[in-house]
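Enquirer: Below are the structure tokens for one structure; questions will follow.
Values in this text are rule-based calculations from the coordinates and carry no lab data. What you see is a predicted model, and the numbers here were worked out from it, not measured in a lab. Positions of Cβ are generated from backbone atoms using ideal geometry, with glycine treated the same way; all protein chains shown enter the neighbour counts.
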Amino acid sequence: MLRRVYDWCIAAAHKPYALWLMGFVSFVESSVFPIPPDTMLIPMSLARPEKAWTYATVCTFTSVAGGVLGYVIGAYLYDTVGHWLIQMYGYGDKVEAFRELYAKWGTWIILVKGLTPIPYKIVTITSGFQRRRPAGRHRRGALPVLSGLAPGRPAPHSTISPCLRLG
């Protein structure tokens, strides 16, 4: 099934409405979708290098918006949707790894997430879940978490597209 979804993303990169599709894929990948927007970002940037920054910007903004959805899932729907997503993708061990990093580094880990192998949806959902803990060292409110999502998310998108543009 994942192969069909991946192939659909690659094929969709060449459609006239590809920018909208890529934005949607970027949005849902931040919380629920298994395929990263890079499957569309890379072919689109190769096909139209002059649009690489536009594509990266759309990916970044829609990914951060999707991160807010992931945070909401973790904060309010973890026991149903959040836990189900984590189990479905087999991310249980990554959640624990992220919780340890979160306990040690707090919101800083969200900023540097781009340098870790932890999937972004784990960061967003687990950050929302951490909000539910009793007040104390490991609890973070929405504002610090969400302010960490925005500056930390552009790294993957803003490095891929321009590199492809340069050739």
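Enquirer: At 7 Å along Cα-to-Cβ for each site, give me the label-to-label distance between MET88 and TYR17 in nm.
Expert: With each label point 7 Å from Cα toward Cβ, the separation is 2.3 nm.
Enquirer: Right, here's the next one. Can you tell me which aspartates and glutamates have their Cα less than 19 Å from the Cα of LYS104? Leave out same-chain residues fewer than eight positions away.
Expert: Candidates past the 8-residue exclusion: ASP93, GLU96.
Enquirer: Return P(r) of the stretch 1-91 (all Cα-Cα pairs; 10 Å bins starting at 0; whole %; ordered from short to long distances).
Expert: So the P(r) values, bin by bin, are 18, 44, 28, 10, 0.
Enquirer: When the Karplus curve 6.51 cos²θ - 1.76 cosθ + 1.60 is applied with θ = phi - 60°, which whole-Hz ³J(HN,Hα) does each residue of the stretch 36-53 get, with x for Gly and Pro?
Expert: x, x, 4, 5, 9, 4, 5, x, 5, 5, 5, 6, 9, x, 5, 9, 4, 5
Enquirer: Long-range amide H contacts for VAL112: which residues qualify at under 5 Å (H placed 1.01 Å from N, peptide plane, sequence gap of 5 or more or a different chain)?
Expert: none
Enquirer: At a Cα cut-off below 16 Å, give the lysines reachable from LYS15, other chains included and same-chain residues fewer than 8 away excluded.
Expert: LYS51
Enquirer: I'd like the Karplus ³J(HN,Hα) series for the stretch 84-101: coefficients 6.51, -1.76, 1.60, θ = phi - 60°, whole numbers in Hz, and an x wherever there's a Gly or Pro.
Expert: My calculation for the stretch 84-101 gives 4, 4, 4, 5, 4, 8, x, 9, x, 5, 6, 4, 5, 4, 5, 4, 5, 5 Hz in order.
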